[in-house]
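S.K.: Handing you this structure, nothing more for now.
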Amino acid sequence: MDQTKKASTGVLALAALGVVYGDIGTSPLYAFKEAFVGAHGLAPTEPNVLATLSALFWAMMLIISIKYVWVMLRFDNEGEGGVLALTALANRTVKDASKWKKLIVTAGIFAAALFYGDALITPAISVLSAVEGISVATPAFEQFIIPITVGVLAGLFFFQRHGTGSMGKLFGPITLLWFVALAVLGAISIAQNPLVLQAINPLYAVRFAIEHPAGMFMLLSAVFLALTGGEALYADMGHFGARPVRLAWYVLVCPSLLINYFGQGALVLRSADAIQNPFYLLAPDWFMLPLVALATAATVIASQATITGAYSMTLQAMRMGYLPRLYIQHTSDSQRGQIYIPAVNWMMMIGVIILVFQFGSSGALAAAYGIAVSGTMIITTLLTFFVALTLPGRIRTFLLPALLMFVLLELMFFASNLTKVFHGGWMPLLFGLFLFLLLSTWKKGSTLIAKQRRKLDIPMEAFVSSTHPDIPRVSGTAIYLTADPSYVPSALFHNLKHFKVLHEQTLFLHVVTADVPYIEADDRMEVRRIAPGMYDIALHFGFRQEVDIPFALKGLATRGVKLEAMNTTYFIARSNIADGPGGMPAWRCALFSWMTRQSEGAASFFNLPANQVVELGTKVML
């Protein structure tokens, strides 16, 4: 039994390499050199190299090894990680404190919006930095860097609709080879100049900070580039579980990354000119082109992980009511987590390609990278603080000071990254703010619509008690989808108004999205008889589950409700938004109306049979 468990953990750890560590694993391509190039770059002297490596080493130990891998992986929402899952978890801990709930939700949604800004830059900077190795190997090919990068990225996005099931089996082995190459190249360089290992001593970073406070402040933004995969690491934990993720980090990923960074430092100490591209110059000439190919494959895998993360974040946002329904294609019959969202895919592809053309080099993109990720990290730490307050006293006593230390460090990184605002850093911030506007507008508009309907719709109790027995009944079952089971759906009201009939069996169905990622099938359904032939049905789904109403309703037979699939009609009310004295300014009302028009129809979103659906329009004033 133990051997089976170890084997399965090892297999999951291998699979986690590509998905969980793809982002942070490609940082050596650009992170170290950014401390020494650009407008605020340091001179590649021995004290500066050792100070940079010392700061990088301890930042990785504190933020990644301790905060994310050791602490954050313990704060899962029934196995799921990521800022939205953590937001739902923190929201439950504050219970009825409405002011704190509003603050938590706002912070979580803003962090999710910033995540999309990071998701745009990661594929662009990763693939571009890998392809730039061509110019190191063969300078004559420098003019082809941009076309090759765009071609690789376009191919990646076009491939998404086919799913990653078959290719995903190669991700782990390729990324394993990548980390082994990082470690071997770094170790060979360190062996030629072991002096560089002195940088493990934190005093090198502390001394540099005391002697050059302004220099250290600028250096932090470069050091942070080595940490940018931390948030993705936490978000992807649900695919594999905490144990395999920790095993992969402590056994392989962390040692390989640090050995490579120190190897780059040793190379620069031997030859300051190598700072132009210390990663590729670690390799001997015969290995240069194979290394470019391996790096490109590794960055494609890292980009795939980021794209998949964007899909998952979008799905969670839809389930939690912060985005309209979008078309989702499930690309695997066996793995429910593999999805494809065309709207997100094509918008990301356009954005990533624009970034490549606009910035033109990984160095220029690095100037824009970090603000969004550091902002998300701060919010993650603050949300964890709320959850930690509910823990037992002894654990809380140790954890709260640690969280305070983390947030202070992350605030320093964020402040340093703010210096990049005028060098391209405005882009992820602006994009994040725009997405926050979309997410919050949809939530507010949906809430206002619910309030308007409560004013217009008839309470369910009053309707049931006043339903006249003389109303003609027609054969079959009518299922009315409703967001609020305490009120009569407007679709039924209009049906009675115009046709003056009721079905023999009427079901009022509402879908409840829980604050947990998955709901077991046995806990899926609640059935309540409210009148002869009338039932109130609640279907519970986790925020990461696909909502398939017809499939879920197959369980009605065990609850004493007979349902003939071919003699059932689904009634849906579709809202038409109009300006009015609702509670949103005209421009925001227009934005919400536009988002409503982009929404996928409820019939296809809930997997309803198209030829058994009737939609009735209702006008709502906002």
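S.K.: Is the stretch 299-311 home to any residue that is within 30 Å of Gln192 (Cα to Cα), at pLDDT 90 or above and assigned by TED's automatic domain parsing to the domain that holds Val127? Walk me through how you get there before you give the answer.
M.R.: Within the stretch 299-311, the first condition is being within 30 Å of Gln192 (Cα to Cα), and the residues that meet it are 299.
Then keep just the ones that are at pLDDT 90 or above; that gives 299.
When the remaining residues are screened for being assigned by TED's automatic domain parsing to the domain that holds Val127, the result is 299.
The answer is yes; a qualifying residue exists.
S.K.: Taking the conditions exactly as written (in contact (Cβ under 8 Å) with a residue 40 or more places away in the chain, part of a helix (DSSP H, G or I) and either out of contact with any strand residue (DSSP E or B) (no Cβ under 6 Å at 6 or more places or on another chain) or polar (S, T, N, Q) (or both)), does Leu382 satisfy them or not? Full working, then the answer.
M.R.: On the way: in contact (Cβ under 8 Å) with a residue 40 or more places away in the chain: yes; part of a helix (DSSP H, G or I): yes; either out of contact with any strand residue (DSSP E or B) (no Cβ under 6 Å at 6 or more places or on another chain) or polar (S, T, N, Q) (or both): yes.
Yes.
S.K.: Need the failing condition index for Thr306 against (1) within 26 Å of Ser135 (Cβ to Cβ); (2) part of a helix (DSSP H, G or I); (3) over 14 Å from the mean Cα position of the chain (by Cα), just the number.
M.R.: (3)
S.K.: Now for a separate question. Any residue at all in the stretch 372-383 that is in contact with a Ser or Thr (Cβ under 7 Å, 6 or more places away or on another chain) and more than 24 Å from Gly25 (Cβ to Cβ)?
M.R.: Here is the first cut: in the stretch 372-383, the residues in contact with a Ser or Thr (Cβ under 7 Å, 6 or more places away or on another chain) are 373, 383.
Checking the rest, the ones that are also more than 24 Å from Gly25 (Cβ to Cβ) come to 383.
Scanning the stretch 372-383 turns up at least one residue that is in contact with a Ser or Thr (Cβ under 7 Å, 6 or more places away or on another chain) and more than 24 Å from Gly25 (Cβ to Cβ).
S.K.: Check whether at least one residue in the stretch 132-141 is touching a Pro at 6+ places or on another chain (Cβ under 9 Å), part of a helix (DSSP H, G or I) and either surrounded by fewer than 22 Cβ atoms within 10 Å (Cβ to Cβ) or not basic (Lys, Arg) (or both), and report yes or no.
M.R.: Just the residues of the stretch 132-141 that are touching a Pro at 6+ places or on another chain (Cβ under 9 Å), to begin with: none.
No, there is no match, as no residue in the stretch 132-141 is touching a Pro at 6+ places or on another chain (Cβ under 9 Å), part of a helix (DSSP H, G or I) and either surrounded by fewer than 22 Cβ atoms within 10 Å (Cβ to Cβ) or not basic (Lys, Arg) (or both).
S.K.: Go through the stretch 51-68 and count every residue that is surrounded by fewer than 24 Cβ atoms within 10 Å (Cβ to Cβ) and among the aliphatic types (A, V, I, L, M).
M.R.: Adding up the residues that qualify gives 7.
S.K.: Output the residue which, of all residues in the stretch 168-193 that are touching a helix residue (DSSP H, G or I) at 6+ places or on another chain (Cβ under 8 Å) and not hydrophobic (A, V, I, L, M, F, W, C), is surrounded by the most Cβ atoms within 10 Å (Cβ to Cβ).
M.R.: So in the stretch 168-193, the residues touching a helix residue (DSSP H, G or I) at 6+ places or on another chain (Cβ under 8 Å) come out as 168, 171-183, 185-190, 192-193.
From what's left, not hydrophobic (A, V, I, L, M, F, W, C): 168, 172-173, 175, 186, 189, 192-193.
On the way: Gly168: 18, Gly172: 20, Pro173: 13, Thr175: 30, Gly186: 27, Ser189: 26, Gln192: 12, Asn193: 16.
Only one residue tops the list, namely Thr175.
S.K.: When you scan the stretch 453-497, how many residues do you find that are under 12 Å from Ala573 (Cβ atoms) and either basic (Lys, Arg) or in a helix (DSSP H, G or I) (or both)? Even if it seems obvious, please write down each step before you answer.
M.R.: Kept after step one, since they are under 12 Å from Ala573 (Cβ atoms), are these residues of the stretch 453-497: 453, 456-457, 480-484, 487-495.
Then drop every residue that is not either basic (Lys, Arg) or in a helix (DSSP H, G or I) (or both), which leaves 453, 456, 490-495.
Count: 8.
S.K.: If you don't mind, there's one more thing I want to ask. Any residue at all in the stretch 109-124 that is more than 28 Å from Met377 (Cβ to Cβ) and among the hydroxyl-bearing types (Ser, Thr, Tyr)?
M.R.: Taking the stretch 109-124 as the starting set, the residues that turn out to be more than 28 Å from Met377 (Cβ to Cβ) are none.
No, because not a single residue in the stretch 109-124 is more than 28 Å from Met377 (Cβ to Cβ) and among the hydroxyl-bearing types (Ser, Thr, Tyr).
S.K.: Could you check the stretch 462-489 and list, in sequence order, the residues that are in contact with a strand residue (DSSP E or B) (Cβ under 8 Å, 6 or more places away or on another chain), over 27 Å from Gly321 (Cα atoms) and either modelled with pLDDT of 85 or more or not hydroxyl-bearing (Ser, Thr, Tyr) (or both)? Write out each step before concluding.
M.R.: Just the residues of the stretch 462-489 that are in contact with a strand residue (DSSP E or B) (Cβ under 8 Å, 6 or more places away or on another chain), to begin with: 464, 467, 471-489.
Still in the list and also over 27 Å from Gly321 (Cα atoms): 464, 467, 471-477.
Hits for the stretch 462-489 are Val464, Ile471, Pro472, Arg473, Val474, Ser475, Gly476, Thr477.
S.K.: Filter the stretch 511-533 for residues that are part of a loop (DSSP other than H, G, I, E, B) and either surrounded by 20 or more Cβ atoms within 10 Å (Cβ to Cβ) or in contact with a Gly (Cβ under 6 Å, 6 or more places away or on another chain) (or both) and give the result. Lay out the reasoning, then the answer.
M.R.: Taking the stretch 511-533 first, the residues part of a loop (DSSP other than H, G, I, E, B) are 514-520, 524, 532-533.
Matches in the stretch 511-533: Ala514, Val516, Pro517, Tyr518, Ile519.
S.K.: Condition first: assigned to a helix (DSSP H, G or I) and more than 21 Å from Thr380 (Cβ to Cβ). Now tell me which residues in the stretch 403-433 satisfy that. Steps first, please.
M.R.: The initial filter retains those residues of the stretch 403-433 that are assigned to a helix (DSSP H, G or I), namely 403-423, 426-433.
Thr419, Val421, Phe422, His423, Trp426, Met427, Leu430 - these are the residues of the stretch 403-433 that are assigned to a helix (DSSP H, G or I) and more than 21 Å from Thr380 (Cβ to Cβ).
S.K.: Looking for whichever is surrounded by fewer than 21 Cβ atoms within 10 Å (Cβ to Cβ) and either more than 26 Å from Arg270 (Cα to Cα) or under 26 Å from the mean Cα position of the chain (by Cα) (or both) here; the options are Ala209, Ala232, Ala214. Which one fits?
M.R.: Details: Ala209 fails: either more than 26 Å from Arg270 (Cα to Cα) or under 26 Å from the mean Cα position of the chain (by Cα) (or both); Ala232 fails: surrounded by fewer than 21 Cβ atoms within 10 Å (Cβ to Cβ).
Exactly one residue qualifies, and that residue is Ala214.
S.K.: Specify the residue that is modelled with the lowest pLDDT; the eligible residues are those in the stretch 490-510 that are surrounded by 19 or more Cβ atoms within 10 Å (Cβ to Cβ) and hydrophobic (A, V, I, L, M, F, W, C). Lay out the reasoning, then the answer.
M.R.: Going residue by residue through the stretch 490-510, those that are surrounded by 19 or more Cβ atoms within 10 Å (Cβ to Cβ) are 490-493, 495, 502-503, 505-509.
This time we only want the ones that are hydrophobic (A, V, I, L, M, F, W, C), so: 491-493, 502, 507-509.
Working: Ala491: 83, Leu492: 86, Phe493: 79, Leu502: 87, Leu507: 93, Phe508: 93, Leu509: 94.
By that ranking, first place goes to Phe493.
S.K.: Take the residues in the stretch 532-555 that are at pLDDT 85 or above and of a type in the set (D, E, K, R); name whichever of them is nearest to Ala483 (Cα to Cα).
M.R.: Asp536
S.K.: Pairs please, first residue from the stretch 430-452 and on the phi > 0 side of the Ramachandran plot and not assigned by TED's automatic domain parsing to the domain that holds Ser575, second anywhere and at pLDDT below 85 and surrounded by fewer than 19 Cβ atoms within 10 Å (Cβ to Cβ), Cβ atoms under 6 Å, 6+ apart in sequence or on different chains.
M.R.: As it stands, the answer is none, since no pair meets every condition given.
S.K.: Next question. What do you reckon, is Leu608 closer than 21 Å to Ser490 by Cβ and outside any loop (DSSP other than H, G, I, E, B)?
M.R.: So Leu608 fails the test.
S.K.: Which one of these is at pLDDT below 85 and surrounded by 24 or more Cβ atoms within 10 Å (Cβ to Cβ): Gly38, Gly81, Gly25?
M.R.: On the way: Gly38 fails: surrounded by 24 or more Cβ atoms within 10 Å (Cβ to Cβ); Gly25 fails: at pLDDT below 85.
Checking each option against the conditions leaves just Gly81.
S.K.: Kindly indicate whether any position in the stretch 534-541 is aromatic (Phe, Trp, Tyr), under 30 Å from Met237 (Cβ atoms), part of a strand (DSSP E or B) and not assigned by TED's automatic domain parsing to the domain that holds Thr308. Full working, then the answer.
M.R.: The first filter runs over the stretch 534-541 and keeps only residues aromatic (Phe, Trp, Tyr), leaving 535, 541.
Those left that are additionally under 30 Å from Met237 (Cβ atoms): 541.
Applying the additional criterion that residues be part of a strand (DSSP E or B) yields 541.
Add one more test, that the residue is not assigned by TED's automatic domain parsing to the domain that holds Thr308, and what stays is 541.
Yes, there is a match, as at least one residue in the stretch 534-541 is aromatic (Phe, Trp, Tyr), under 30 Å from Met237 (Cβ atoms), part of a strand (DSSP E or B) and not assigned by TED's automatic domain parsing to the domain that holds Thr308.
S.K.: With (1) within 20 Å of Ala31 (Cβ to Cβ); (2) at pLDDT below 90 as the list, and Arg396 as the residue in question, which single condition is left unmet?
M.R.: (1)
S.K.: While we're on this one: Look through Leu267, Leu227, Leu257 and report the one residue that is in the same structural domain as Gly41 (by TED's automatic domain parsing) and more than 18 Å from Ile64 (Cβ to Cβ). Outline the logic, then answer.
M.R.: Values: Leu227 fails: more than 18 Å from Ile64 (Cβ to Cβ); Leu257 fails: more than 18 Å from Ile64 (Cβ to Cβ).
On inspection, the qualifying residue turns out to be Leu267.
The values are calculated or read from the model by the stated rules, or taken from the named source; none is laboratory data. Please read these numbers as outputs of a predicted model, since none were measured by experiment. Cβ coordinates were reconstructed from backbone atoms using ideal geometry, including for glycine residues, and neighbour counts include every protein chain displayed.
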